[in-house]
Amino acid sequence: MKVFRLDDLEAERAANDGAYLQFLRERNMSVGLYALDAGSHDPQNPHPQDEVYFVVSGRASVSVGLETTEVARGSVVYVPAGVSHKFHHISEDLRVLVVFSPPEG
């Protein structure tokens, strides 16, 4: 069993000066914490893996392909491999758990 605490992950991510911290990597998936502060720009490009976002805290809009929706704590978003996607209009600091399958390269 592996157990993680969100506070510990957030501290490690911040200490490494990055927006993304991969904290679990297994044969069929990887999991990370993604952080975007209010008003910031999401620089990501499409990924070759399917991914699921679980919003832990914050508020923003997310566009996946041609669709856009508002997300907040508790939102879950599926993004198919290869589809463009971005968080935008980030009105509250956003913290998102990201699951990639297969694992992110």
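The values are calculated or read from the model by the stated rules, or taken from the named source; none is laboratory data. Note that the structure is predicted; figures quoted are calculated from it, not measured. Positions of Cβ are backbone-derived with ideal geometry, glycine not excepted, and every protein chain shown enters the neighbour counts. Just the protein is used for accessible areas: all its heavy atoms, side chains included, with ligands, DNA and RNA removed. Shrake-Rupley method; radii C 1.70, N 1.55, O 1.52, S 1.80 Å.
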ask   = Based on what the data block shows, is A81 surrounded by fewer than 16 Cβ atoms within 10 Å (Cβ to Cβ), more than 14 Å from A19 (Cβ to Cβ) and without any contact (Cβ under 8 Å) to a residue 24 or more places away in the chain?
value = no
key: Matching option when the condition is open to solvent by less than 40 Å² (accessible area, probe 1.4 Å), hydroxyl-bearing (S, T, Y), touching a strand residue (DSSP E or B) at 6+ places or on another chain (Cβ under 9 Å) and in contact (Cβ under 8 Å) with a residue 24 or more places away in the chain, among S91, S61, S75   = S61
message = I'd like to know if the range 64-71 contains one or more residues that are under 13 Å from the mean Cα position of the chain (by Cα) and charged (D, E, K, R).
response = no
task = May I ask you to list the residues in the range 19-30 that are surrounded by 14 or more Cβ atoms within 10 Å (Cβ to Cβ) and not in a strand (DSSP E or B)?
result = A19, M29
query = Does E10 fit the bill of being among the acidic types (D, E), crowded, with 16+ Cβ neighbours inside 10 Å and in a helix (DSSP H, G or I)?
reply = yes
ask   = Residue check, G105 against (1) modelled with pLDDT of 95 or more; (2) exposed (fewer than 13 other Cβ atoms within 10 Å of the Cβ); (3) of a type in the set (G, A, S), all met but one. Which one?
value = (1)
inquiry  = All but one of (1) more than 23 Å from M1 (Cα to Cα); (2) in contact (Cβ under 8 Å) with a residue 40 or more places away in the chain; (3) open to solvent by 70 Å² or more (accessible area, probe 1.4 Å); (4) under 11 Å from the mean Cα position of the chain (by Cα) hold for F54; state the number of the condition that does not hold.
reply    = (1)
